[in-house]
Amino acid sequence: MVSMVLFGIFVASAGADPFEVYQTMYRAAFGTSFSWQNTLIRAAPLMLTALCTALPGYLGLIIIGGEGAVVMGGLFAAIAALTMPTAPPMVVLTTMALVGMVGGGLWLTIGGALRHYRAVNETISSLLLNYIAIAVLNHLVTSTFRDPESLNHPSTHHIGEANMIGAIPGTDLHWGLVFGVVACIIAWFLMHHTVFGFASQVAGGNVRAAQIAGLPVGRLILIICFVAGAAGGLAGMVEVAAIHGRANDTLNANYGYAGILVAFVARNNPLAIIPVAILLGGIRASSGLLQRAHELPDATVLVMQGIIFLVILFSETLYGRFSKLQKQGA
Amino acid sequence: MEIGWWGVLIAVLGGAIRIGTPFLFVSLGECLTEKSGRINLGLEGTLVMGAMTGYAVSLHSGSPWLGVLCAGLAGMVLGALHSWLCSFKRVNDIAVGIAMMLFGTGLAFFLGKPYIQPSAPRLPSIDLGAWSDIPQLKAALQINALFLMGIVVAIALAWMLKNTAWGLKVRVVGESADAARALGLPVDRIRILSTAQGGFLAGIGGSYLSLYYPFNWSEGLSSGQGLMAVALVIFARWHPVGCLWVSLLWGGAAALGPSLQSVGITGGYYIFNAIPYIMTLAVMIITCSPKRTLVGVPHELTVTR
């Protein structure tokens, strides 16, 4: 709410009526069934990339390498699809998903392993890995895997229409949304209802206590990073298999960074990620209309994301204060 | 005159100075911030914001130096905001850094949309290569005054941290906030001041990007340079003069790809461009260890915190 007021002031200072802007955003995001679909399509990768940050968050790690995991997952998935041109679509898609998940998973595991074995700050290393992943992607799509027909926009060969993920019957939505929701539910179950999840939470709460209890903290870090990266890789695979049909630099569409925000707003809770991702998907979906209706640049949405983020972090300190008050009162 | 491979070397040296200058300013800013016990990942946003501000002000006023000043001031505001948010309880400075990074770049793109096309007055350069008649060498030795200022700032900062009462206060706060409080030092105020000054330097670094090299304002201007500053400072062992050498090294590494292209090695363009990131990661892997802390690290920053 505070962020809405702040953003309203910001928009007003840019010379637009804040109430109208919010109205436009609402219409563009949730007004019609078409805009709902637009919103949900954008929410699908956000759910998966939010898991990239949320799951390591249980261990107290701040990993922001979702972008790299998406890029790597998409790249691996596309390459996998291209190596088996004659296989039936079902086999191709399954392989793509698996390979994409392994690609993204291994990529984030690098960050986790560096943290565990060398005490490298995982935030910085995962960010650097994003840039390296993008460079690797650009290198491969301009050299080894380049489709000679993609002149201005270097890309891999198209994976073939038959291998694309179709739409859910009756809508324009692709199955990626289902992947996202299911992944969030699985992640929630994993973290809250299994021994593994409990062990991770203990390790996140107090590393020393976990070590005394004989928990393999290092292995937990590696596994969680792999699972988190796999979610990001799946997002990349969905982008390739459902939307672009090929791997190129459009994979690097800032879903990874927006996912960090979703994870923070959802306080790392995988179930809370679903509604938050839909909300942010709506905000992102509205950026185009906002641009046309109010002549605001599309970066307006970036500013809004930043403001939400700062306000959420700020409210963290208020939580502490309220609980203190309650304790004193009791 | 054909100079072949010497051309590569000269281009790398020239590039080290040209591309290294923004690294120098950002890492000096980060160095000061970290000395006071904070990490500011938001310097990435500060850099972009500084680039935008510098470009806009220089375009409207016609004076690039005024642009540099305003870029620094914009950076200072962002740095102060970052530090002010961090000074509350339970607020993680790395998370705030990410938020400030998104906020700063978003704001810069938002305000900077109108400035993508017009061209602003450029910062003048000083011709140190006038004695030579090799054009490549001349081009490499065109040095911007900001680089020289950066050297002065690096030395001055090193001197101040070591020899002045203010420098001592910053170091005490960075070493142990508790000790500083026991001495009656205003910990939060010192950190806010240091972070704001760090932001000022980073803003200047940003204005260099838009006003000198690569000399335009576009949205992909700073690709992670503000983040790499964190690793640069580690490599420089939290010493401002060390930041100077490390920035030159990074500038040279970034210039390697383009200069190899000039002698006809074009393969792996993107990989060469990724060298600074890979180097940064490699440095962090080599220098970090769970078992020992580095010489010169402000103790408030150690992992076991």
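Please count how many residues of the range A:210-252 are part of a loop (DSSP other than H, G, I, E, B) and touching a residue at least 60 places away in the same chain (Cβ under 8 Å).
So the first thing to find is which residues in the range A:210-252 are part of a loop (DSSP other than H, G, I, E, B), and the list is A:213-216, A:245-247, A:252.
Going one step further and asking which of them are touching a residue at least 60 places away in the same chain (Cβ under 8 Å), we end up with A:245-247, A:252.
Of the residues in that region, 4 qualify.
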> Going through the range A:102-123 one residue at a time, which ones are farther than 25 Å from A:N248 by Cα, in a helix (DSSP H, G or I) and not hydroxyl-bearing (S, T, Y)?
Replying inline: A:G112, A:A113, A:L114, A:R115, A:H116, A:R118, A:E122
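Pick from A:L82, A:L106, A:L98: which is more than 24 Å from A:A228 (Cβ to Cβ) and aliphatic (A, V, I, L, M)?
When all the criteria are applied, what remains is A:L82.
Can you work out which of the residues in the range B:87-104 that are more than 7 Å from chain A (Cβ to nearest Cβ) and assigned to a helix (DSSP H, G or I) is surrounded by the fewest Cβ atoms within 10 Å (Cβ to Cβ)? Write out each step before concluding.
First, the residues of the range B:87-104 that are more than 7 Å from chain A (Cβ to nearest Cβ): B:87, B:92-93, B:97, B:100-101, B:104.
Checking the rest, the ones that are also assigned to a helix (DSSP H, G or I) come to B:93, B:97, B:100-101, B:104.
Details: B:D93: 22, B:G97: 27, B:M100: 30, B:M101: 27, B:G104: 32.
For the range B:87-104, the residue satisfying everything is B:D93.
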> Do you know which residues across the range A:108-133 are open to solvent by 30 Å² or more (accessible area, probe 1.4 Å) and either facing chain B (nearest Cβ under 8 Å) or touching a residue at least 24 places away in the same chain (Cβ under 8 Å) (or both)?
Replying inline: A:R115, A:H116, A:Y117, A:R118, A:N121, A:Y131
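Would it be correct to say that B:A179 is in a helix (DSSP H, G or I) and within 14 Å of chain A (Cβ to nearest Cβ)? Spell out the reasoning first.
Values: in a helix (DSSP H, G or I): yes; within 14 Å of chain A (Cβ to nearest Cβ): no.
So B:A179 does not fit the description; no.
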> Which of (1) under 18 Å from B:Y55 (Cα atoms); (2) at pLDDT below 80 is the odd one out, the single condition B:I204 does not satisfy?
Replying inline: (2)
>> Among the listed residues A:L289, A:L302, identify the single one that is out of contact with any Lys or Arg (no Cβ under 9 Å at 6 or more places or on another chain) and either at pLDDT 65 or above or within 14 Å of chain B (Cβ to nearest Cβ) (or both).
In response: A:L302
>> For A:R146, only one of the following conditions fails: (1) at the interface with another protein chain (Cβ under 7 Å from one of its Cβ atoms); (2) free of Cβ contacts under 8 Å to residues at least 24 places away in the same chain. What is its number?
In response: (1)
> With (1) within 20 Å of the chain's Cα centre (by Cα); (2) within 11 Å of chain A (Cβ to nearest Cβ); (3) at pLDDT 70 or above as the list, and B:C288 as the residue in question, which single condition is left unmet?
Replying inline: (1)
> Of all residues in the range B:234-260, how many are modelled with pLDDT of 80 or more, within 14 Å of chain A (Cβ to nearest Cβ) and in contact with a Leu (Cβ under 9 Å, 6 or more places away or on another chain)?
Replying inline: 1
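So which residues in the range B:183-220 are within 14 Å of chain A (Cβ to nearest Cβ), open to solvent by 20 Å² or more (accessible area, probe 1.4 Å) and in a loop (DSSP other than H, G, I, E, B), if there are any at all?
Of the range B:183-220, the ones within 14 Å of chain A (Cβ to nearest Cβ) are B:188, B:217-220.
Those left that are additionally open to solvent by 20 Å² or more (accessible area, probe 1.4 Å): B:188, B:218-220.
Within the range B:183-220, B:S218, B:E219, B:G220 meet the criteria.
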> Within the set of pairs 6+ apart or on separate chains, which have a first residue in the range B:28-48 that is closer than 14 Å to B:A99 by Cβ, a second that is of a type in the set (D, E, K, R) and part of a helix (DSSP H, G or I), and C-beta atoms under 9 Å apart?
Replying inline: B:I39/B:E30; B:I39/B:D93; B:N40/B:E30; B:N40/B:E34; B:N40/B:D93; B:L41/B:D93; B:L43/B:E30
>> Regarding the range A:154-163, can at least one residue be identified that is open to solvent by 70 Å² or more (accessible area, probe 1.4 Å), more than 21 Å from B:I275 (Cα to Cα), modelled with pLDDT under 75 and assigned to a helix (DSSP H, G or I)?
In response: yes
> Do we find a residue being open to solvent by 10 Å² or more (accessible area, probe 1.4 Å), out of contact with any helix residue (DSSP H, G or I) (no Cβ under 8 Å at 6 or more places or on another chain) and small (G, A, S) anywhere in the range B:4-19?
Replying inline: yes
> Applying the selection to the range A:253-279, what residues are open to solvent by 10 Å² or more (accessible area, probe 1.4 Å) and assigned to a helix (DSSP H, G or I)?
Replying inline: A:Y255, A:Y257, A:F264, A:V265, A:L271, A:A272, A:I274, A:P275, A:V276, A:I278, A:L279
>> Looking only at the range B:165-181, filter to residues that are without any contact (Cβ under 8 Å) to a residue 12 or more places away in the chain and among the charged types (D, E, K, R); which one of those is surrounded by the fewest Cβ atoms within 10 Å (Cβ to Cβ)?
In response: B:D178
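The values are calculated or read from the model by the stated rules, or taken from the named source; none is laboratory data. Fair warning: this is a prediction, and the values are worked out from it, not measured in the lab. Ideal geometry is used to build each Cβ from the backbone, glycine not excepted, and the neighbour counts take in all protein chains shown. The area values use the complete protein model at the heavy-atom level, side chains included, leaving out ligands, DNA and RNA. Shrake-Rupley method; radii C 1.70, N 1.55, O 1.52, S 1.80 Å.
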